Amino acid sequence: MSSGSAGRALVLFSGGQDSTTCLAHALTHYDSVETVGFDYGQRHAIELTQRTIVREKIARMFPTWGARLGEDHLINIPALGALSQTALTRDVEIAMGENGLPNTFVPGRNLLFLTLAGALAYRRGANRIVAGMCETDFSGYPDCRDDAVKAMQLALNLGMDARFCVETPLMWLDKAATWRLAEALGGAALASIIVEDTHTCYRGERGKRHDWGYGCGECPACDLRARGFREYAGEI
Ligand code: ZN
């Protein structure tokens, strides 16, 4: 674990595997780290409960990180759920759309998240915004692409007269590499928190425990997580 730098970071933290790994990355590299989450009426609102649990466990099991972990912020965006009407916010079957995108795609979601995170980071004096977008396993979501994130960084810096760096440590990693990064950052203890407490399943199910964690085991998010874990574990 490095000693951290004087930077202040704000992490987009949903309580999932990716954003928990991003949180560990920020806690390794920066002295002061806050988190922000978004409630937009997602079906998997369980992740909002899990994020508190994950934060508390990380602070307890990693005292150095606990000392750096600051406030948590939860921003309500009911308008996003109302506008998007997707399978993430309505009780409809998750499927591929005619446009080649899954119907879990919430148009502009990550653009809005980064804008709101920028406004919050501005107020909190954080110059690093850390987010888990990933182009490698991006499920076809265009706002997870590196170009979209870099365009947002530029827009935030121009529009707020700021000098934010939007860091995406997972951008070029696949899910197996994300597991390996978590282990490199926080060893078996962090990997265990990710398995037990982070939430990924789009359907919000936590009934069944698989070797990769809890979830329905069938939705695209579970599928990606399970495949990545099996590869990480050397099973495939
Ligand atoms: Zn699932």
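The values are calculated or read from the model by the stated rules, or taken from the named source; none is laboratory data. Since we're looking at a predicted model, the values are computed, not measured. Positions of Cβ are generated from backbone atoms using ideal geometry, with glycine treated the same way; all protein chains shown enter the neighbour counts.
Given the condition in a loop (DSSP other than H, G, I, E, B) and either closer than 19 Å to LEU69 by Cβ or within 16 Å of the ligand (Cβ to nearest atom) (or both), answer yes or no: does some residue in region 162-171 qualify?
yes
Looking only at region 205-230, residues that are within 8 Å of the ligand (Cβ to nearest atom) and part of a loop (DSSP other than H, G, I, E, B) come to 6 in all.
Looking only at residues in region 193-204 that are more than 8 Å from the ligand (Cβ to nearest atom) and within 15 Å of LYS175 (Cα to Cα), the one that is modelled with the lowest pLDDT is HIS199.
The set of residues in region 39-49 being touching a helix residue (DSSP H, G or I) at 6+ places or on another chain (Cβ under 6 Å) and either buried (at least 21 other Cβ atoms within 10 Å of the Cβ) or aromatic (Phe, Trp, Tyr) (or both) consists of TYR40 alone. If I filter region 174-192 for residues that are part of a loop (DSSP other than H, G, I, E, B), within 20 Å of TYR141 (Cβ to Cβ) and within 16 Å of the ligand (Cβ to nearest atom), do I get at least one hit? No, region 174-192 contains no residue that is part of a loop (DSSP other than H, G, I, E, B), within 20 Å of TYR141 (Cβ to Cβ) and within 16 Å of the ligand (Cβ to nearest atom).
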